[in-house]
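Since the structure comes first, as structure tokens, the remarks are kept for the end.
The values are calculated or read from the model by the stated rules, or taken from the named source; none is laboratory data. Everything quoted here is computed from the prediction, not taken from an experiment. Counting neighbours? That spans all protein chains shown, and the Cβs are built from the backbone with ideal geometry, glycine included.
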Amino acid sequence: MLNNHEKHDSVFLSELLEELSKRQSLETREIYDLFPSMNPKTVSWKLFDLVKKGYLIRFAQGYYSISEPKESNAAGYQYLNSLSKKIYNDLLGYGFNFYISGLDALVGELLHIPEKFMVLLVIEKSGIPEIREFLNSQDLLVVTEKEKRKQGFQLIKDRADVCIFGGKDFSLQKEHIAKKEKGFIDLYYAVTRLDYPVSIPELSRIYENLLRNRSVTFMKMKQAAKDKGIYSEITWLLEITKKPTKVKEFMSYQLKENL
């Protein structure tokens, strides 16, 4: 017969597993919200104990899941466009962490990928000046995300060959190509912040395909968003499907009011 402590643990585990069965993973803060009457330190201890007993798996960044998340890798080097392949090969010898992101990482999720598009390149921040100088020497027009605020950016962005992002989390790539979660987040950022030439309807279709094909995990999507500094809006985007109808109506109304 279970004592009160064991019953309490059993209820905690049952409720947590029920929530995880609906979702791919949960962050520590989300688990705290599931048990508002419980001290966060107590929740953390219970999570530690459940991981030790094998009921849960804990990942970097404080995510918990019932099972290992699947890898959402891009199609691979052979599917990069010609310019991306050249940049990829040239940068292998430089010694800086880098990866190709954006459309190159999303082959298979789009009906049509244009033959030529601005390459999204993620580089460790210390390497950006040297890599940019090298790419310029190859007659490539290079912009960085920080230059959006500079005068003249609008005149050159549509002619640019490469856009460089600074990167921190290099677990979001495999063999120097972004995993699909990071590929989408970087593309989303480029479209919404830098006027990257992909339409909003097309961006939306890519997102819906990723979800429909189960090509991404929410955990890694949030991790990628955190790396790009847009965690709150991507979390809102991912969670919106779970909101009650009236909440969605209210959100829709507020969006229209603020356009």
If a residue has to be surrounded by 18 or more Cβ atoms within 10 Å (Cβ to Cβ), small (Gly, Ala, Ser) and part of a helix (DSSP H, G or I) to count, how many in the stretch 174-227 make the cut? 4
Flagged in the stretch 240-250 as surrounded by fewer than 13 Cβ atoms within 10 Å (Cβ to Cβ) and either under 26 Å from ILE66 (Cα atoms) or within 8 Å of the chain's Cα centre (by Cα) (or both), in numbering order, are ILE240, THR241, LYS242, PRO244
Could we say that LYS146 is farther than 18 Å from LYS228 by Cα and either surrounded by 13 or more Cβ atoms within 10 Å (Cβ to Cβ) or assigned by TED's automatic domain parsing to the domain that holds ILE185 (or both) here? no
Tell me which strands (runs of 3 or more DSSP E) are completely within the stretch 65-154 and hold 3 or more residues being more than 30 Å from GLU30 (Cβ to Cβ) and modelled with pLDDT of 90 or more, or say none if there are none. 119-124
Quick test for you: out of LEU203, LEU187, LEU172, LEU211, pick the one residue that is touching an Asp or Glu at 6+ places or on another chain (Cβ under 7 Å) and assigned by TED's automatic domain parsing to the domain that holds VAL122. LEU172
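The rows are residues; the columns are (1) modelled with pLDDT under 85; (2) of a type in the set (A, V, I, L, M); (3) closer than 17 Å to ARG58 by Cα.
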| position | (1), (2), (3) |
| --- | --- |
| ASN3 | yes, no, no |
| HIS8 | yes, no, no |
| GLN24 | yes, no, yes |
| GLU27 | yes, no, yes |
| LEU34 | no, yes, no |
Filtered residues of the stretch 91-136 (kept if buried (at least 20 other Cβ atoms within 10 Å of the Cβ) and among the basic types (Lys, Arg)): none
Can you confirm whether the stretch 220-236 contains a residue that is over 12 Å from the mean Cα position of the chain (by Cα) and modelled with pLDDT under 90? yes
